[in-house]
Amino acid sequence: MNLSLGFPEFDELQARRHGLEQAIAEFHQAAADPDSPIRAVRHQPARPAQWAPFPESVDSRLREALGKLGITQLYLHQLDAYEALRQGANIVVVTPTASGKTLCYNLTVFNRLLNEPDARALYLFPTKALAMDQLHEFQSLVDALGANICAYTYDGDTPQDARRAIRERANVVFTNPDMLHAGILPHHTRWAKCFERLRYVVIDELHYYRGVYGSHLANVLRRLRRICQFYGSSPQFICCSATIANPKELAEMLVEQPFRLIDRNGAPSGEKYLVFYNPPVVNRQLGIRRSYLHEARRVAIEFLKRGQQTLVFANNRLATEVLVKYLKDAAPKLGLPPEAVRGYRGGYLPKERREIERGLREGWIRAVVATNALELGIDIGSLDAVVMAGYPGTIASTWQRAGRAGRRQAPAVAVLVASSAPVDQYVVEHPDYFFGQSPEHAYVNPNNLEILLNHLKCAAFELPIREDERFGPHEVRLLCEFLEELGLLHRSGQLWHWAADSYPADAISLRSVSSDNFVVVDITDGHQVIGEVSFTSALTTLHEKAIYMHEARQYQVERLDYEGRKAYVRRVECDYFTDAIDYTRVRELSQIDQAPLGPVQAAHGDVRVNVQVVGFKKVKFYTLENVGAGTLSLPEQEMQTTAFWLHFPRDFLARFDDLSPTEKQSGLVGLANCFRAIAAILLMCDPRDLGTAITEPVEGSLQVWEPNLYLYDAYPGGVGLSAALFRMAPQLIQAAAELIARCRCEAGCPSCVGPVGEVGEKGKQAAYRMLCAILEALAANPDSEGSSGEYSSGGR
């Protein structure tokens, strides 16, 4: 029955719902065919709210103000959080997207501020955009209260003349870990009033802080607690997280205090459907599937035809911009103006991002293509559909992205369009693995010596270090003596003082190797800044002759000012984009552990990684043909990290005498591709957290070549992935062999060892034979160390 009540808004909502139900029915019908690209359709039924009344201890003025905003009761988890904080506990709240986590901390903070007007709170968000979004929500409650509560954002965009007033007046400061690290803690004397009265520290999006960023944050929080102790305060910590396997453990690793887990979700949700879509194979011999970007575009267009407001997630900047162009090109045929389709990623200017967020909430933007920048809890209103172009890398991120659709209790659908990458293919073809697994553990390594030593310098700059003091689990005396030898610290009595002229926090980026972003300047008509790019991405996206894409507009890079951190671009019309080619070299520095793994040697230790961009190729839109190339000579980037590696002795490679040295080399390239995908599944991490490299043979020495195949942590100092891989080496070999054996391609494809063009005609065969030889040796000697996965400590 198509009932219209004469209200345009209701009619539109009804039409959108009908369109969504029609799309879901088609997905179900297609999934019944075993050869269909629809590999799974999973339904999550709607869930009603579970309510609780406000406790008597909540100030009547606050209850009245919340009532004006339509909040007359609490969800169960909001009540649990409030009661735990009243008892003095640190808490970590873990509930799904759009479940009202913000009120879990705002309720307690406002209640305290109404009864203790001089109290202070610090809110930490991973991005400026999220901090700004949460400030608006906070301010709406302040306005409803009519109270004299001051809240401000304090980040790199805050004008200098406003900073003093914020330090003096703000009850609540909205900031990010980077600003706390470099802009607040080193200047704590200016923030004395805040630190003396600090009652709460809120850490939102806790799951975001894993790997290097989380390891840095743990050390920043060590410095924060040290300064609070100096000023006589002991704040409670309130953490909020999306669903991960170990939220309580992660909070305790970051803050180094006990936490109470709040996970009794009382929020309602509409029904949701998660669809797994695997693009059809177009060349079975080569294992080539239709482009996942083309298929993501096709799925998104189908939703837009049905009136669904759609969010498309891509896994990198280039894929985002290519999809924006594809959907903008399709907009006129859908009856949409070009401005109804937008892109959203980190390099856009703040004003542009705020406009896009507002357009999504108000509904005049119908489709947005985004990177993980929109994965976080920014309020973008009620969306009907999410399309994921490629597996996000983790189960947790997939659920987080899918959760962006169907906010406000409406039905919603999320479609995962798999790429040809082995991890994507494993997940989409094994849906029970995905739906049966708990989300990943989030790991941090705050005691990574490189990270810890850098923050110890910052701590010494902030306050003298006592000889008996501990920084995390470490006694600092030996570390301080080392820094004293470098001329950075000076000992006076029982204290170490900062002795250098430098400002240590300024030289330490929490997120990457360098803290310098490159600014993109459009010189088509004058000079206008149109975006920024991180240091680590700049060399691959802003090299000379690169096509820089911004909101589907194309710009050619005319000049890269490496020293000045600027790229000058000019608007062009072209039918291709550019993709950089880089070269990676790994050198072993020291070996921590080693053990035989059948006929090869497994090890892990410290390595130096050098990466250089050496060229680029021109790729045509839609057809993805390679239409040109160019060579480059850009500065090399270097980092020290940890790696797991396999050493292949000469006598092992000699067994395969029917293969040429080049074919053996191709087999190892295929193994590296396969290992990276399998390692990501075993470690439950993002494949981009790992890099691969193979020892290059010296010219003319292929006959005596004894290569190492490296899988290294793609972060300075490492975050513990390589040590875990060393322990899992036998499972890695077994799973890689199974992956190659089950793949239906003849000579290699992107879903196993890599395409034939990369690994050669015999690359797949060579890789599989090497794995079988290792497995046969392990099976023949089941009591060996390698076969059981247990390793004794080697030469340290």
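Brief remarks follow.
- Segment 595-737: radius of gyration over Cα atoms, expressed as a fraction of 2.2 N^0.38 Å: 1.16
- Estimated from helical segments only, the mean residue ellipticity of the chain at 222 nm is -11000 deg cm²/dmol, where each DSSP H run of four or more residues counts as -39500 (n - 2.57).
- Straight-line cross-link reach from residue 248 at under 27 Å between alpha-carbon atoms covers these lysines, not counting any fewer than eight positions away in the same chain: 101, 128.
- Based on protein heavy atoms only, the chain ends up with 42 Å² per residue of surface accessible to a 1.4 Å probe.
- Whether segment 298-347 is rounded, prolate or oblate, judged on the alpha carbon gyration tensor where a/c under 1.5 counts as rounded: prolate
- Cβ-Cβ FRET estimate between residue 329 and residue 264, R0 fixed at 35 Å, reported to 0.05: 0.15
- Cysteines without a disulfide-compatible partner [the chain; Cβ-Cβ under 4.7 Å]: 104, 150, 194, 228, 239, 240, 458, 480, 574, 674, 685, 772
- Proximal lysines relative to residue 762, as straight alpha-carbon distance under 24 Å, when same-chain residues fewer than 8 apart are discounted: 664
- Between residue 696 and residue 447, the modelled labels are 3.8 nm apart [label points 7 Å from Cα along Cα→Cβ].
- Kyte-Doolittle at least 0.5, axis length at least 24 Å by Cα - qualifying DSSP helices, the chain: 661-683, 763-780
- Cβ-Cβ distance of residue 57 and residue 36, R₀ of 51 Å, FRET efficiency by 1/(1 + (r/R0)^6): the value works out to about 0.35.
- Per-selection Rg to Rh, the chain - Cα, Kirkwood hydrodynamic radius: 0.96
- Once both labels are positioned 7 Å from their Cα atoms along Cα-to-Cβ, the gap between residue 621 and residue 657 label points is 5.7 nm.
- The chain: relative contact order as a whole-number percent, Cα under 8 Å and 6+ apart: 11 percent
- Partner aspartates and glutamates whose Cα lies under 12 Å from the Cα of residue 545, excluding those fewer than 8 positions away in the same chain, are identified as 558, 579.
- Ranked packing of 546-559, 482-495, most packed first, by mean Cβ within 10 Å: 546-559, 482-495
- Span from the segment 640-673 Cα centroid across to the segment 89-151 one, whole angstrom: 55 Å
- Area accessible to solvent at residue 33, 1.4 Å probe radius, in Å²: 80 Å²
- For the chain, DSSP calls about 60 percent of its internal beta bridges antiparallel.
- Alpha-carbon spread of segment 149-222, three principal axes, descending order, Å: 35, 26, 22
- Prolate/oblate/rounded call for segment 593-643, Cα gyration tensor, a/c under 1.5 rounded: oblate
- Dipole magnitude for the chain: computed about the Cα centre from +1 point charges on Lys and Arg Cβ and -1 point charges on Asp and Glu Cβ, it is near 1600 debye.
- Computed packing ranks the peptides 330-337, 129-136, 522-529 as 129-136, 330-337, 522-529, most packed first, by mean other Cβ atoms within 10 Å.
- Subtracting the Cα-Cα distance of residue 746 and residue 612 from 0.36 nm times their residue separation leaves 44.9 nm of extension gain.
- The alpha carbon gyration tensor of segment 523-591 gives principal lengths a ≥ b ≥ c with a/c of 1.5 or higher and a/b greater than b/c, which makes the shape prolate.
- At an R0 of 60 angstrom, the distance between the Cβ atoms of residue 164 and residue 761 translates into a FRET efficiency of 0.30.
- The trypsin sites (Lys or Arg not before Pro) of segment 678-769 that meet both conditions, a loop assignment by DSSP and at most 16 other Cβ atoms within 10 Å of the site Cβ, are 744.
- Total formal charge among the other residues, if their Cβ is under 10 angstrom from that of residue 156, Lys/Arg +1 and Asp/Glu -1: -2
The values are calculated or read from the model by the stated rules, or taken from the named source; none is laboratory data. All values reported here derive from a predicted model rather than from experimental measurement. Don't worry about glycine lacking a Cβ; one is built from the backbone with ideal geometry, like all the others, and counts go over all protein chains shown. To get the accessible areas, we keep the full protein, side chains included, count just its heavy atoms, and leave off ligands, DNA and RNA. Shrake-Rupley method; radii C 1.70, N 1.55, O 1.52, S 1.80 Å.
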